[in-house]
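Visitor: One structure, pasted below without further comment.
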Amino acid sequence: MPPKKQPAPFKDLKEGAFTRQAKSHGYTDPMKFAKLIMRLNKQGKKKLPSGRNITPLLVKRANFAVNFAK
């Protein structure tokens with residue numbers, strides 16, 4: 001039996017989506033936004049300072065941006 005295929009870990013990440021989200025939240029630098037999200041997520045917080053929710057997809061996108069920048 002062939003092994004089952006694993007789902008692609010970043011299949012739901014669209015090009016430019018995180019930058020658009022950062023700009024809609026009022027950030028001109030997406031990396032500052034990504035680092036903020038990762039810091040708040042690590043602290044266990046579920047909301048941004050603006051009051052918007054931190055969704056799992058937003059965390060995935062921020063994690064991808066931070067890892068890609070390294």
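The values are calculated or read from the model by the stated rules, or taken from the named source; none is laboratory data. Computed from a predicted structure; not experimentally measured. Ideal geometry is used to build each Cβ from the backbone, glycine not excepted, and the neighbour counts take in all protein chains shown.
Visitor: Are there any pairs, at least 6 apart or on different chains, whose C-beta atoms fall under 6 Å, with the first in the stretch 22-51 and of a type in the set (Gly, Ala, Ser) and the second assigned to a helix (DSSP H, G or I), and if so, which?
Guide: From residues that are of a type in the set (Gly, Ala, Ser), the pairs are Ala22/Pro30; Ala22/Phe33; Ala34/Ala62; Ala34/Ala65; Ala34/Val66.
Visitor: Any idea how many residues of the stretch 14-70 are within 10 Å of the chain's Cα centre (by Cα) and in a loop (DSSP other than H, G, I, E, B)?
Guide: So the answer is 2.
Visitor: Just checking, how many residues over the stretch 1-25 are farther than 18 Å from Lys35 by Cα, at pLDDT 80 or above and among the small types (Gly, Ala, Ser)?
Guide: Step one: filter the stretch 1-25 for residues farther than 18 Å from Lys35 by Cα, giving 1-12, 14-15.
Add one more test, that the residue is at pLDDT 80 or above, and what stays is 15.
Within this subset, residues satisfying the condition of being among the small types (Gly, Ala, Ser) are none.
Residues in the stretch 1-25 being farther than 18 Å from Lys35 by Cα, at pLDDT 80 or above and among the small types (Gly, Ala, Ser): 0 in total.
Visitor: Residue by residue through the stretch 21-70, note down the ones that are in contact with a strand residue (DSSP E or B) (Cβ under 9 Å, 6 or more places away or on another chain) and of a type outside the set (S, T, N, Q).
Guide: Leu40, Lys46, Lys47, Ile54, listed by residue number.
Visitor: Okay, moving on. Here is a list: Lys23, Lys42. Which entry is charged (D, E, K, R) and exposed (fewer than 10 other Cβ atoms within 10 Å of the Cβ)? Lay out the reasoning, then the answer.
Guide: Working: Lys23 fails: exposed (fewer than 10 other Cβ atoms within 10 Å of the Cβ).
Criteria check complete, one pass: Lys42.
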